[in-house]
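The structure under discussion appears below in the form of structure tokens.
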Amino acid sequence: MTDIIQELRSLVAKATPGPWAYRPREFDDWGFIRVAQADAEGWQPIVALGRAGPVESDHDEHRRNKTDPYGPNAELIVAAINHLPALLDRLEAAEWRPIERKPEAPVNAVLWFPNMQFHDQHGDPFIFGGLRDILERYYLAFWDGEIWVESGTGHDVFEDWKSPDDLPTHWRPLPDAPAIREVRP
């Protein structure tokens, strides 16, 4: 996914800076996409045409109805270019990072322990099996700027006594909590 994110960021960087707008001028032709804000001289260059779609015979009907047969294509292009940087930011934020790549600022995170060994009450190796085995390998933690702190215990995740198998290999920021709406009686 990182390659796709980098490719799309590169394409956005090379494209005409936005935001873009669909037919922002009163007399723009069908499918015109321009830079949304005019420059100091009042110029809004055309950056793309949302063309292709209906056959020529459909054009008379669109003229009568004062609709743009290319409107849906153009609107999609405009929405995609205008929202793509924010979507890429969110996608990149959700990716797993190697544990060696420390966060730049304090953050709540999920840690992944792929090699963790579980033991029963007698100290014998134990495998939960199925989904629980996977779930037990995720831990919530907090990066305080210096160390990873276990959620719940407050202990350093990398305490000296731990086996290498009991250490995380990756982390990712904890996603935003769902929006809470006010409940009214």
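The values are calculated or read from the model by the stated rules, or taken from the named source; none is laboratory data. On a predicted model such as this, the values are computed, not experimentally measured, just so you know. Because the Cβ atoms are built from the backbone with ideal geometry, glycine has one as well, and the counts that use them run over all protein chains shown.
Some observations on this one:
- Note on region 2-35: residues that are outside any loop (DSSP other than H, G, I, E, B), touching a Gly at 6+ places or on another chain (Cβ under 9 Å) and closer than 30 Å to His59 by Cβ total 4.
- Matching residues in region 148-158 - criterion: being of a type in the set (A, V, I, L, M, F, W, C) and surrounded by 15 or more Cβ atoms within 10 Å (Cβ to Cβ): Trp148, Val149, Val157
- Selection within region 119-139 - among the hydrophobic types (A, V, I, L, M, F, W, C), exposed (fewer than 13 other Cβ atoms within 10 Å of the Cβ) and not in a loop (DSSP other than H, G, I, E, B): Leu131, Ile134, Leu135
- Qualifying residue in region 153-167 (condition: among the aliphatic types (A, V, I, L, M), at pLDDT 75 or above, on the phi < 0 side of the Ramachandran plot and part of a loop (DSSP other than H, G, I, E, B)): yes
- Region 67-114, subset more than 19 Å from Pro175 (Cα to Cα) and of a type in the set (D, E, K, R), residue modelled with the lowest pLDDT: Asp68
- When Ala52, Ala38, Ala48 are checked against the criterion of being surrounded by fewer than 12 Cβ atoms within 10 Å (Cβ to Cβ), modelled with pLDDT under 85, among the aliphatic types (A, V, I, L, M) and outside any helix (DSSP H, G or I), Ala52 stands alone in meeting it.
- Of the residues Pro72, Pro85, the single one that is under 23 Å from the mean Cα position of the chain (by Cα) and assigned by TED's automatic domain parsing to the domain that holds Gly31 is Pro85.
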